[in-house]
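Heads up: the structure comes next, in structure tokens.
The values are calculated or read from the model by the stated rules, or taken from the named source; none is laboratory data. Values in this document were obtained by computation on a predicted structure and should not be read as measured data. Cβ sites come from the backbone with ideal geometry, for glycine too, and all protein chains shown count toward neighbours. Keep in mind that these areas ignore ligands, DNA and RNA; they rest on the heavy atoms of the full protein, side chains included. Shrake-Rupley method; radii C 1.70, N 1.55, O 1.52, S 1.80 Å.
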Amino acid sequence: MFTRDLIQQLKQWRDNPRRKPLVLRGARQVGKTTLVKEFGKEFDSFIALNLERDDAELFRRYNNVNDIWQFLCFKNHIVQDKSKRVLLFIDEIQEEPNAVAMLRYFYEDLPWVYVIAAGSRLQSLMKQQVSFPVGRVEYLTLRPCSFVEYINAKEGEQWADMLRNVAVPEYMHEEMISAFNTYALVGGMPEAVDEYLEHHDLERLSPIYSSLIRGYNEDAEKFAKNPEQVRILRHILGAAWLSAAETITFAGFGNSGFTSTQIHNGMDLLERAYLLSLDYPITTTSAPALPATRRSPKLIMVDTGLTNFMAGIQLEYLQNKNLLDTWRGRSAEHIVAQELRVVLDRHYREHQYFWIRDKKGSSAELDFVWQEGTDIIPIEVKSGTNAHLRSLHTFVNSSDRSVVAIRIWNGSLAVQDIETPMPEKRAFRLINVPFYYAGQLDKVIAKYGSI
């Protein structure tokens, strides 16, 4: 197993005397169980339960956490001693609502026990009128491997620190871009990353991708309330990969006969399972960034490697040196969206947005936005000259304040203080950011964003 950055946040949770039971969220097969088991090695004792198996019966048999704890200690030959650190891991907790309800009592009655719960369908519990005890648990989200995790596993800590410190020297630029392009092809699913780093053979990844997709489709029966919803979810999971990084409409999605409501409800369930996200536009140039939920959202899938496989564009990656030339630029936008998710998680933000101009007949659109204090920072994934950044110029000219903008591209890191074309001729700061810094965008802004 390679190192996941979330291990640091797990350690911070462990060392916090006011910690609460931790709920670890994320899609199936992103490495939640592996991460917690690795983390469990740092404790005096580690107890793992899987509620997809017989362990669920424990929470049906007992309705008192003290009884459950006594039983677990006895079964695992653990002498109860509050000076010893014991981690209890409850995997696939969504399979037993009683276990979810009991998390609050672990917090109230057994605060010295370290408890982590995980599952791939946790959010879908809300549809079953089962919710996590408010104020009695805290949350972390595990995503597919980020580029910095990939490069750490491939090249070592020194390369990863260059990224984390926004300190890649110019002579390393081409090497880092090349590594990012490979990462964008492979994606971040841990099993695929492990396999590629060991054998460097892309053909060996196809069975892994196929197995993951098959598992997600089989999960549709668990997500769904009825046979009709199974059909809807299976359709979405078959068609959505081809619409990745595109603005979509719900009605008839994927050339189906399903209604807008049916598709929207199905995508909502899959979004709760972290298999996709619906990113809505904002129409303002100043904070707060409020989504225009009546507008069409952009569809982002769980992982770019899986998307490449399902869309059949892996050969196109190998033929193009420039990521922006692959799949009409959608590949570049999708992998940036995947990297920005990690940045959002660091700041405890749930939603990612893009920008459109709120004017009839206008086609101005920007790929992403980032709210920094009271400012909205527009983000464009694009190469070419400054004169071709028309949507970015439209944003700057529409703003009533000084603008810092981001262009993510294949070029080197560079900061420019420039102007929009005549006749408006508004000054703004443009930070040109190499693809490999997308997952460090908050640090780039902190370092270069002050005007």
- prompt: Separation between the residue 70 and residue 401 pseudo-spin-labels, each 7 Å from Cα along Cα→Cβ, expressed in nm?
  reply: 5.9 nm
- line: With all protein chains in place and a 1.4 Å probe, residue 443 shows an accessible area in Å² (nearest 10) of 70 Å²
- request: Compute the Rg/Rh shape ratio of the chain: radius of gyration over Kirkwood radius, all on alpha-carbon atoms.
  value: 0.98
field: Proximal charge balance of residue 59 [Cβ under 11 Å; K/R count +1, D/E count -1]
entry: -3
statement: Between residue 115 and residues 5 or more places away or on another chain, the pairs with built amide H atoms under 5 Å apart involve 22, 88
- line: With a 26 Å threshold on alpha-carbon distance, the violating pairs from 32/154; 20/225; 359/443 are 20/225; 359/443
query: Which percent of the accessible area of the chain is formed by carbon and sulfur heavy atoms (probe 1.4 angstrom)?
result: 45 percent
statement: Here the gain from full extension of residue 247 to residue 61, 0.36 nm per residue of separation minus their alpha-carbon distance, amounts to 62.1 nm
- request: Give the span of region 271-321's Cα atoms along each principal axis, as three whole-Å numbers ordered largest to smallest.
  value: 41, 29, 16
- prompt: When the Kirkwood hydrodynamic radius is evaluated over all pairs of different C-alpha atoms of region 78-211, what value in angstrom, to one decimal, is obtained?
  reply: 18.5 Å
message: If I take R0 = 56 Å and measure r between the Cβ atoms of residue 43 and residue 450 in this structure, what FRET efficiency does the formula 1/(1 + (r/R0)^6) give, to the nearest 0.05?
response: 0.85
Cα-based helix-to-principal-axis angle, 190-199 vs the chain, degrees rounded to 10: 70 degrees
message: Probe of 1.4 angstrom, ligands and nucleic acids ignored: what's the accessible area per residue over the chain, in square angstrom?
response: 45 Å²
Counting DSSP beta bridges with both ends in the chain, the antiparallel % (nearest 5): 40 percent
task: Return the distance in nm (one decimal) between the two label points of a simple spin-label model at residue 54 and residue 358, each offset 7 Å from Cα along Cα→Cβ.
output: 6.0 nm
task: Give the angle, between 0 and 90 degrees and rounded to the nearest 10, that separates the Cα long axis of helix 65-75 from the longest principal axis of the Cα atoms of the chain.
output: 80 degrees
field: Top positive-direction residue, dipole computed over the chain with Cβ charges, set 445, 395, 169
entry: 395
